[in-house]
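The values are calculated or read from the model by the stated rules, or taken from the named source; none is laboratory data. Small disclaimer: the values here were computed from a predicted structure and weren't measured. Methodologically, a virtual Cβ is constructed for each residue, glycine included, from the backbone with ideal geometry; neighbour enumeration extends over all protein chains shown.
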Amino acid sequence: MAEMRILKERERQIGQVSAGEELKILCEKKSLAGSVSQRACVFCGSRVVLYPIADALHLVHGPVGCAAYTWDIRGSLSSGGQLHRMSFSTDLQERDVVFGGADKLYSALVELIDTYQPKAAFVYATCIVGLIGDDVEAVCKRVTLEKGITVLPVHSEGFRGTKKDGYQAACDALARLTGTGSTQGVGPCSINILGDFNLAGEIWMIKEYYQKMGIEVVSTITGDGRVDDIRKAHGAKLNVVQCSGSMTKLAEHMKQTYSIPYIKVSYFGIEDMADALYQVAEFFPAYPQILEKAKVIVQTEVAALMPELRAYRTALNGKKAAIYVGGAFKAVSLVRALRLLGMKTVLAGSQTGNPKDYAQLQDLCDPGTVIIDDANPLELSKFIKEKDVDLLIGGVKERPIAYKVGVGFCDHNHERKEALAGFVGMRNFAREVYSSVMSPVWRFSSRRGGDYIPFRETVVCKAH
Amino acid sequence: MLLRHTPKDIKEREALTINPAKTCQPIGAMYAALGIHNCLPHSHGSQGCCSYHRSMLTRHFKEPVMATTSSFTEGSAVFGGQANLLTSVENIFSLYKPDVIAVHTTCLSETIGDDIVQIIAKAAEEGKIPADKYIIHANTPSYIGSHVTGFANMVKSMVKYFSLTTGVKDNKVNIIPGWVEPSDMREIKRLAVEMGVASIMFPDTSETMDRPQNGQFDMYGTGGTTIDELRATGDSLATLALGHDASVPAGELLNAKCKVKLYELDIPVGLAATDRFIKTLSEAAGVAVPESIERERGRLVDILTDNEQYFYNKRVALYGDPDQLVPLCEFLVDIGMQPVYVVTGTPGKYFDERMAEVLKGVPGAKFRQGAQADMFLLHQWIKNEPVDLLIGNTWGKYISRDENIPLIRFGFPIMDRVGHSYFPNVGYMGAIRLVEKLLNALLDERDRKAPEEKFELTF
């Protein structure tokens, strides 16, 4: 294929880190119409954030597609009920689009609530609902009154913006739940875990670290989440926010309404994970034993981890990685984690980063690293080849791109199958990176556009 | 129990679909368009639609799936998406250089009433379409039909935009394969070659959705039906439209537009449907069935007779699309099995008519199509009276696990296993593969569950 060019309109969304010069990445822009964008919509953002709440009902109001494509697709695990893994849709038909879908929504809600008696219900408004003008708010109010179960509308019409706007819509819905339960019995050393979605059971590990430190976890929002816990989340003394892109809005809301401060953390990589525990411990200075315990946890876990990591590091030293993930905050953690493995990040990008994120990435990355916002597959493959990348970290749509170009891949998105958070997660991450980068299969493949000639051995066996 | 929330008591639902056995039109249009050579599917709607379809197709095919989107905003929702589509066309031709842009609509653009024909005309007027490049479109409102309807609509558009009559008949047969895998398309083409029939297959996703690794990321792969081939379909002797829902609408249009004789057939899944396919192909092309095909058929019959004892009276539950379910159930009945429960979310009376006929000898068989014919209902039926085997897409793994029933993956999407892109289910060889899968599932289960005193070495 001929060498690709980068569209003029995209040029300012891509840049290269150079020493002593500040790079300004244009971001938070709408995707160019007609691009193969890797981004999604408002509904997608709301749905992924709220769906891990396992004892709530999640009803998608729209034609069947939106419910079908998001049926248990994220892999958020629950320690109890699994209601969130069902796919409920009003399955709007043509007549509903003409005459309105509010009645159908009402019947569907009543049927579902009668069957499941959920703790609360979320109703996701999709594109079409915004157009035909169903009064979702009114239906939710009516059902709440009639059934005594909180029914919350999520204003997630796809066209209203990007995934980020969907996070906002989700936070708005969550904000209506917090502050509605009794905080009696919530202790002084208590936190909420925000922005972890319990992929591969990650929140269970994080929660265990905190509990070992003597911290009470009031609610997990939303991984393995429960409605009643969220109702009393305002009783916690601190909000600990990961995946800041999705949850900062809720943390801000709780800070203003209930005066609960928040800190931003990341659980990826040893440094960030340890830092998260220390930051939380330091928030409770009146309880110095918490910090002591945190130190013990970090020491024990790191000591257990290091011998294995060292072995991987020896093998991976000097290998190059490209990162293209949803939120730029995650990219920052990944650059650090890769560095710990001796790997160099030569491309770092995200779907939804903001100027602050990109500035931070720039500070962290070595000169020459390409920083990219809202990349398309052609751009990704171009830089993979140019920068001689050994590993791409991304999500479902990036995986086959990496393999076609002949480089390793690590899913750091919805489709991870091993926990990547926490100290154990760092070990899993290292194993995954190692197994992909060092896989024996690459020697049979063409790599990064280079030639592989399958039958070049002229004499394979002797003829007699 | 992942689906512990499925109660055994069946209540008629009015307004609710749970665990759907279908999805929406646009993804079908996208898959069909990927079967045109150098074609970029374009989703005229919000970004999310395009992203979801690409993700699901990627999970199924493990291939890069390229498609663009009009990236609707609130402004477009109010004022219409014309500006977005025009900008898209310009950007796509300059950046991605496809031969064809295949636009499909979404519930959003349908409801605001964007007139795609007019917008394409405007793009042409403004010189946004380079010479020898094309834009085609299909209307695919998500609130009508299902993913199969969207596939059918895009295939129909291929005829609408490209098929031509020169007045001179060409000695070829058109084959519209329906919504099948790249492997199935390959196999159908192989059978045509084996028969000595020159064919044009459209759409054709072999070499686009099952590409070899070559160290390059390229947008389109080398496969797909070319524009010249699509044009030539109008001069062919006949069209074999495989599948009532996915293929017949295009076949009918080709018949109306270019007077190409239409044969309506099932997708050749199983023995009888493949027999009909081979016979029709021989009739349409005026060729005899070669001995090599008879020998293939003989091998299938041999494996069926060798193993008939294991199939007898086994109860099977199936879900998926009508075009596949009809011949598949026919095959199961033909080999002595009992397809007792069958659901499809894809609406249409055709399914009811055919299923009534196929399942008339199966006592207590239940089948249903449309909005509430979902996997929740299927699961409830199973809870009330269990089955030995489940056949359908990946979503069935919940029921399989909860009810301890083996699952054979068949249909779309298969997101947790590979093989479907490479090994066909159609034709006699495909049927042999199906038999192998059926036997493996049943006999593995028997081995796994057998008490020690009944555990046997050979079957």
For this session: Check region B:7-26 and report whether any residue there is touching a Cys at 6+ places or on another chain (Cβ under 9 Å) and more than 10 Å from every other protein chain (Cβ to nearest Cβ).
Result: no
Seminar exercise, completed: Of those in region A:60-77 that are among the aliphatic types (A, V, I, L, M) and surrounded by fewer than 24 Cβ atoms within 10 Å (Cβ to Cβ), the residue nearest to the other protein chains (Cβ to nearest Cβ) is A:Ile73
For this session: Residue by residue through region A:114-141, note down the ones that are touching a His at 6+ places or on another chain (Cβ under 8 Å), within 11 Å of another protein chain (Cβ to nearest Cβ) and buried (at least 24 other Cβ atoms within 10 Å of the Cβ).
Result: A:Thr126, A:Val129
Seminar exercise, completed: Subset of region B:243-275, residues without any contact (Cβ under 8 Å) to a residue 60 or more places away in the chain and among the charged types (D, E, K, R), comes to B:Glu252, B:Lys261, B:Glu264, B:Asp275
For this session: Answer yes if at least one residue in region A:353-368 is within 21 Å of the chain's Cα centre (by Cα), in a strand (DSSP E or B) and either at pLDDT 90 or above or outside the structural domain of A:Asp272 (by TED's automatic domain parsing) (or both), and no otherwise.
Result: no
Problem set entry | Selected residue [at negative phi, away from chain B (no Cβ under 14 Å) and not in a helix (DSSP H, G or I)] from A:Thr144, A:Thr183 | A:Thr183
Exercise. Are any of the residues in region B:186-207 assigned to a loop (DSSP other than H, G, I, E, B) and within 14 Å of chain A (Cβ to nearest Cβ)?
Worked result: yes
Problem set entry | Residue check, B:Met56 aliphatic (A, V, I, L, M), at the interface with chain A (Cβ under 8 Å from one of its Cβ atoms) and within 20 Å of B:Cys107 (Cα to Cα) | yes
Exercise. Taking A:Ile263, is it crowded, with 24+ Cβ neighbours inside 10 Å and modelled with pLDDT of 95 or more?
Worked result: no
For this session: Name the residue, out of A:Cys171, A:Cys66, that is among the hydrophobic types (A, V, I, L, M, F, W, C), under 21 Å from B:Ile27 (Cβ atoms) and part of a helix (DSSP H, G or I).
Result: A:Cys66
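The rows are residues; the columns are (1) under 30 Å from A:Ala173 (Cβ atoms); (2) part of a loop (DSSP other than H, G, I, E, B); (3) acidic (Asp, Glu); (4) within 7 Å of chain B (Cβ to nearest Cβ).
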| residue | (1), (2), (3), (4) |
| --- | --- |
| A:Lys24 | no, yes, no, no |
| A:Cys27 | yes, yes, no, no |
| A:Ser35 | no, yes, no, yes |
| A:Arg39 | yes, yes, no, yes |
Exercise. Pick from region A:97-109 the residues that are at the interface with chain B (Cβ under 7 Å from one of its Cβ atoms) and without any contact (Cβ under 8 Å) to a residue 24 or more places away in the chain: which of them is surrounded by the most Cβ atoms within 10 Å (Cβ to Cβ)?
Worked result: A:Lys104
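Would you point out which residue out of A:Tyr262, A:Tyr258 is more than 21 Å from the chain's Cα centre (by Cα) and of a type in the set (Ser, Thr, Tyr)?
A:Tyr258
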Exercise. For region A:369-399, how many residues meet the condition of being closer than 25 Å to A:Asn317 by Cα and part of a loop (DSSP other than H, G, I, E, B)?
Worked result: 7
Seminar exercise, completed: Going through (1) at positive phi; (2) within 15 Å of the chain's Cα centre (by Cα); (3) buried (at least 24 other Cβ atoms within 10 Å of the Cβ) one by one, A:Gly34 fails only at (2)
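If we scan region B:276-296, do we find a residue that is in contact (Cβ under 8 Å) with a residue 60 or more places away in the chain, closer than 21 Å to B:Ala356 by Cβ and not assigned by TED's automatic domain parsing to the domain that holds B:Gly370? Reasoning before the result, please.
First, the residues of region B:276-296 that are in contact (Cβ under 8 Å) with a residue 60 or more places away in the chain: B:277-278, B:281-282, B:284-285, B:287, B:289-290, B:292-293, B:296.
Cutting the leftovers down to closer than 21 Å to B:Ala356 by Cβ gives us none.
The answer is no, given that none of the residues of region B:276-296 is in contact (Cβ under 8 Å) with a residue 60 or more places away in the chain, closer than 21 Å to B:Ala356 by Cβ and not assigned by TED's automatic domain parsing to the domain that holds B:Gly370.
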For this session: Considering only region B:216-286, give the helices (runs of 4 or more DSSP H) lying wholly within it that have at least 2 residues that are surrounded by 23 or more Cβ atoms within 10 Å (Cβ to Cβ) and of a type outside the set (D, E, K, R).
Result: B:248-258, B:271-285
Exercise. For residues in region A:385-398 being surrounded by 21 or more Cβ atoms within 10 Å (Cβ to Cβ) and out of contact with any Cys (no Cβ under 7 Å at 6 or more places or on another chain), which is nearest to the other protein chains (Cβ to nearest Cβ)?
Worked result: A:Lys397
Exercise. Which condition breaks for A:Ile128 when tested against (1) closer than 21 Å to B:Thr111 by Cα; (2) assigned to a helix (DSSP H, G or I); (3) in contact with a Pro (Cβ under 6 Å, 6 or more places away or on another chain)?
Worked result: (3)
Exercise. If you go through region B:211-262, how many residues are more than 14 Å from chain A (Cβ to nearest Cβ) and modelled with pLDDT under 95?
Worked result: 0
For this session: Determine whether region B:87-104 contains at least one residue that is more than 30 Å from B:Phe351 (Cα to Cα), touching a residue at least 40 places away in the same chain (Cβ under 8 Å) and of a type in the set (Gly, Ala, Ser).
Result: yes
For this session: Hey, could you check region A:78-94 for residues that are assigned to a helix (DSSP H, G or I) and within 9 Å of chain B (Cβ to nearest Cβ) and say which is surrounded by the fewest Cβ atoms within 10 Å (Cβ to Cβ)?
Result: A:Glu94
Seminar exercise, completed: Just one listed residue, out of B:Glu264, B:Glu291, is of a type in the set (D, E, K, R) and either under 24 Å from the mean Cα position of the chain (by Cα) or within 24 Å of B:Met209 (Cα to Cα) (or both), and it is B:Glu264
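I'd like the full set of residues that are within 12 Å of another protein chain (Cβ to nearest Cβ) and touching a residue at least 40 places away in the same chain (Cβ under 8 Å), limited to region A:399-428.
If the condition is that a residue be within 12 Å of another protein chain (Cβ to nearest Cβ) and touching a residue at least 40 places away in the same chain (Cβ under 8 Å), then A:Val405, A:Gly406, A:Val407, A:Asn413, A:His414, A:Glu415, A:Lys417 are the ones that fit.
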